[in-house]
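Enquirer: Here it is: the structure, laid out below.
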Amino acid sequence: LQEDLGDLFNAKPAGKNGKKAEGSSGSSFFTWFMVLALLGVWTSVAVVWFGLVDYDDVLAKAKEFRYNISEVLQGKLGAYDADGDGDFDVEDAKVLLGLTKDGANENSESLEEVLDILAEEGSDWFYGFLAFLYDVITPFEKVLEEEEEVVETEEAQVEEPVEVAEELEEKESQGEAQTVEVEPEPEADPEAYAEPEVEPEVEPEVEPEVEPEVEPEVEVEPEAEAELEAEVELETEAEPELEVEAEPEAEAEPEAEAEPVYEGETSLRWIEINSKKKKPKLLNKFDKTIKAEIDAAEKLRKKGKVEDAMRAFEALVEKYPGSPRCRYGKAQSEDDLAEKMRSNDILQRAINTYREAAELPGAPADLVKIALKRRAERQQFLGRMRSALATLEKLVQIFPEDTSLKNDLGVGYLLLGDNKSAKKVYEKVLAEAPEDGFAKVHYGFILKSENKIAESIPFLREGLESGDPGTDDGRFYFHLGDALQRVGDDSAYKWYELGHQRGHFASVWQRSLYNVDGLRAQPWWTPKETGYTDLVKTLERNWRTIRDEALAVMDATSGLFLPEDENLREKGEWGQFTLWQQGRKVDKSCQSVPKTCALMERYPEATGCKRGQIKYSVMHPGTHVWPHTGPTNCRLRMHLGLVIPSQGCRIRCTNETRAWEEGKVLIFDDSFEHEVWQEADRYRLIFIVDVWHPELTQYQRKTLSPI
């Protein structure tokens, strides 16, 4: 029988277009029908006449344990693992038989060897082969249906993230469920590590329900021109999830890190793909025995039936309290429900359940890693940076050989603002893996934040050139170009151009990272173009009042003008005195300049601009501000000249340079590259007013996160 089967398997299979391959004889369907008929007769005789096994019992086991061929067989059949999941199962058999898109006639020799092994193992042959038959004799359309189900699953997974604050002012309580209210984000720091964001282009018809904002008092700091802190999304792989009736597979990376598309086809394509990314093993021995129940619950979750999935996994956890996979499924369902309900309380429950799943005895290593990584990510999402850091440190302790976890730990320190600890982590990573591109770009980022400009360049450049996951990030193109500009290297614009081509920058000149697409973009604006002519007229009519109040503050104490601390100066002195920041009035400052603040209260396009400031700026002789760009394209910047020397003060935006005039307003878009020189013999004083970009809708102005 084995020889006959071998001859049949050597026949050429049908092509993908449904036509019979050249040189094949007879109908493919007829061939399989005959094979299955012969096998059915043979096994029926063996079972009924010789009483070798209990037929009903075997079929029942086959249905429940379709993937569980005996351990004895697994030891010998592991070499024929076709899908890279570490064992031989029905899916592997389908590949060898040519029943999937990866199958090919080249697999016939391997199949004959598998049949030889099955024949040698006595009773194990009957159980294993009948389990195999049960899957094979189901309609062949099943393969196609599974693929369609995966497509539906992926579509169902597209969900909008919950808008939650990045930083919390209240102390964290590890392990305790608590409600985290939405808070405005802190003022940006150009050397701070944060995730860039892309704002929605279109105004939705219905505003989503969000938790009420809490506006804590913040300490006013100078404006950040380069880097912002936004909603934190940890740069880790997305969670792998269990496909129905298949081993769990990792979801696609959010930043174009999916498996490459291969041109053409070869019989080894599946080997190439699976050798790069092995599927995680989330089931221990016990969980494999209840896999059908887990699959049923997981199918609900995949189809977006979040509440039903939650109930299903809660029931499984109650029924099998020691099952790590059931507990992990419950955590995922809570995670999904938190996003759907926009509930931080439910999200905290998910965070706790991820920990429980990882701590259960017998939890597979892959499940422990995935659960704790997701836990850290969600903790960061809630702004609980220290708790997330503790989770990441635990991961590194459990998996000391995993370089990617150390990289994640470094990011955790950066998000806390602990650059010193992050630097030590990346030094260790680079000592172990000198070519790790992710560690290189982050180490270069840290060096640049320490003003070690020249030292940072090779790490940033080599990290970007590596193409490693997590390196194709606008921040690194931004900082590499900036570092090159500061050492006088014109190749900076090559990297800016590459960043533009990669979609990180709107153009070589306009390099802001926190943008709303589709807004009119030009470096210089006229009052009429902005539509804010009334504001401009008010500023120009009252410029002396605004100036005199500033001079009084300067005379009383220079301490109210805080020095620029964003590392934007090559040399010189530059101070600022802020009245509004992130759309919030600084009452203490306004007490010193009451008339100016009273004038500004009439213009919500300025006082309500959450992505800007209203402030005085004084620059002393001998100051040069490096070429730089602001953080967002959502604002325009007005400069009112108050004290302007006759010569020596100028500002360049893109390739056009202008000078200030006392009592006159200049308007430019500071998301474009600009540079300032103060080469006069006395100080220069201006009044800076940021306003919303005129094309932003009222809904966008209300809902955009503060900067």
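The values are calculated or read from the model by the stated rules, or taken from the named source; none is laboratory data. Small disclaimer: the values here were computed from a predicted structure and weren't measured. Methodologically, a virtual Cβ is constructed for each residue, glycine included, from the backbone with ideal geometry; neighbour enumeration extends over all protein chains shown. Please note that ligands, DNA and RNA were not included when accessible areas were found on the heavy atoms of the full protein model with its side chains. Shrake-Rupley method; radii C 1.70, N 1.55, O 1.52, S 1.80 Å.
Enquirer: Within the stretch 327-342, which residues are touching a residue at least 12 places away in the same chain (Cβ under 8 Å) and open to solvent by 10 Å² or more (accessible area, probe 1.4 Å)? Can you show your working first?
Expert: Let us first name the residues in the stretch 327-342 that are touching a residue at least 12 places away in the same chain (Cβ under 8 Å), namely 327-340, 342.
Passing the criteria: 327, 330, 336, 337, 339, 340, 342.
Enquirer: Being farther than 22 Å from residue 312 by Cβ and at pLDDT 50 or above is the filter; apply it to the stretch 266-280 and report the residue that is least open to solvent (accessible area, probe 1.4 Å).
Expert: Among those that are farther than 22 Å from residue 312 by Cβ and at pLDDT 50 or above, it is 279.
Enquirer: Output the residues belonging to the stretch 454-493 that are open to solvent by less than 60 Å² (accessible area, probe 1.4 Å), charged (D, E, K, R), free of Cβ contacts under 8 Å to residues at least 60 places away in the same chain and over 19 Å from residue 439 (Cβ atoms).
Expert: Answer for the stretch 454-493, where residues must be open to solvent by less than 60 Å² (accessible area, probe 1.4 Å), charged (D, E, K, R), free of Cβ contacts under 8 Å to residues at least 60 places away in the same chain and over 19 Å from residue 439 (Cβ atoms): just 489.
Enquirer: Is there a residue in the stretch 455-474 that is under 22 Å from residue 505 (Cβ atoms), out of contact with any Lys or Arg (no Cβ under 9 Å at 6 or more places or on another chain) and among the aromatic types (Phe, Trp, Tyr)?
Expert: no
Enquirer: Collect the residues in the stretch 652-707 that are open to solvent by 60 Å² or more (accessible area, probe 1.4 Å) and of a type in the set (D, E, K, R), keeping them in residue-number order. So that I can check it myself, show each step before the final result.
Expert: Applying the first criterion (open to solvent by 60 Å² or more (accessible area, probe 1.4 Å)) to the stretch 652-707 yields 655-658, 661-662, 664, 679, 681-683, 695, 698, 702.
The answer is 656, 658, 661, 662, 664, 679, 681, 682, 695, 702.
Enquirer: Considering only residues that are of a type in the set (A, V, I, L, M, F, W, C) and assigned to a loop (DSSP other than H, G, I, E, B), look in the stretch 494-513 and name the one that is surrounded by the fewest Cβ atoms within 10 Å (Cβ to Cβ).
Expert: By that ranking, first place goes to 506.
Enquirer: Which condition number does residue 362 fail, the rest of (1) at positive phi; (2) open to solvent by less than 10 Å² (accessible area, probe 1.4 Å) being met?
Expert: Going through the list (1) at positive phi; (2) open to solvent by less than 10 Å² (accessible area, probe 1.4 Å), residue 362 breaks only (2).
Enquirer: Please go through (1) surrounded by fewer than 17 Cβ atoms within 10 Å (Cβ to Cβ); (2) modelled with pLDDT of 95 or more; (3) within 34 Å of the chain's Cα centre (by Cα) for residue 580 and return the number of the only condition it doesn't satisfy.
Expert: With (1) surrounded by fewer than 17 Cβ atoms within 10 Å (Cβ to Cβ); (2) modelled with pLDDT of 95 or more; (3) within 34 Å of the chain's Cα centre (by Cα) applied to residue 580, the lone miss is (1).
Enquirer: Considering only the stretch 532-545, state which residues are surrounded by 20 or more Cβ atoms within 10 Å (Cβ to Cβ) and under 25 Å from residue 677 (Cα atoms). Quick ask: steps written out before the conclusion?
Expert: Our first condition is that a residue be surrounded by 20 or more Cβ atoms within 10 Å (Cβ to Cβ); within the stretch 532-545, this holds for 532, 535-536, 539.
Answer for the stretch 532-545, where residues must be surrounded by 20 or more Cβ atoms within 10 Å (Cβ to Cβ) and under 25 Å from residue 677 (Cα atoms): 536, 539.
Enquirer: Do any residues in the stretch 359-379 that are in a helix (DSSP H, G or I) have Cβ atoms under 6 Å from those of residues that are crowded, with 20+ Cβ neighbours inside 10 Å and of a type in the set (Phe, Trp, Tyr), where the two are at least six apart or on different chains, and which pairs are they?
Expert: Listed by first residue and then by second, the contacts come to 367/328; 371/328; 371/354; 374/354; 375/354.
Enquirer: Within the set of pairs 6 or more residues apart or between chains, which connect a residue that is on the phi < 0 side of the Ramachandran plot inside the stretch 584-602 to a residue that is of a type in the set (D, E, K, R) and open to solvent by 70 Å² or more (accessible area, probe 1.4 Å) with Cβ atoms less than 8 Å apart?
Expert: 584/215; 597/585
Enquirer: Here's something else I'd like to know. Checking the structure you have, find out if any residue of the stretch 600-622 is more than 19 Å from residue 564 (Cα to Cα), open to solvent by less than 30 Å² (accessible area, probe 1.4 Å), over 37 Å from the mean Cα position of the chain (by Cα) and not aromatic (Phe, Trp, Tyr).
Expert: Within the stretch 600-622, one or more residues are more than 19 Å from residue 564 (Cα to Cα), open to solvent by less than 30 Å² (accessible area, probe 1.4 Å), over 37 Å from the mean Cα position of the chain (by Cα) and not aromatic (Phe, Trp, Tyr).
Enquirer: If you scan the stretch 514-531, which residues turn out to be closer than 30 Å to residue 482 by Cα and surrounded by fewer than 18 Cβ atoms within 10 Å (Cβ to Cβ)?
Expert: 517, 518, 520, 521, 522, 524, 526
Enquirer: Among the residues of the stretch 383-399, which ones are more than 18 Å from residue 193 (Cβ to Cβ) and either outside any helix (DSSP H, G or I) or hydrophobic (A, V, I, L, M, F, W, C) (or both)?
Expert: Result: 390, 395, 396, 398, 399.
Enquirer: Among the residues that make up the stretch 375-390, is at least one of them open to solvent by 50 Å² or more (accessible area, probe 1.4 Å) and within 17 Å of the chain's Cα centre (by Cα)?
Expert: no
Enquirer: Something else now. Output the residues belonging to the stretch 407-427 that are assigned to a helix (DSSP H, G or I) and open to solvent by 30 Å² or more (accessible area, probe 1.4 Å).
Expert: 413, 419, 420, 421, 423, 424, 427, listed by residue number.
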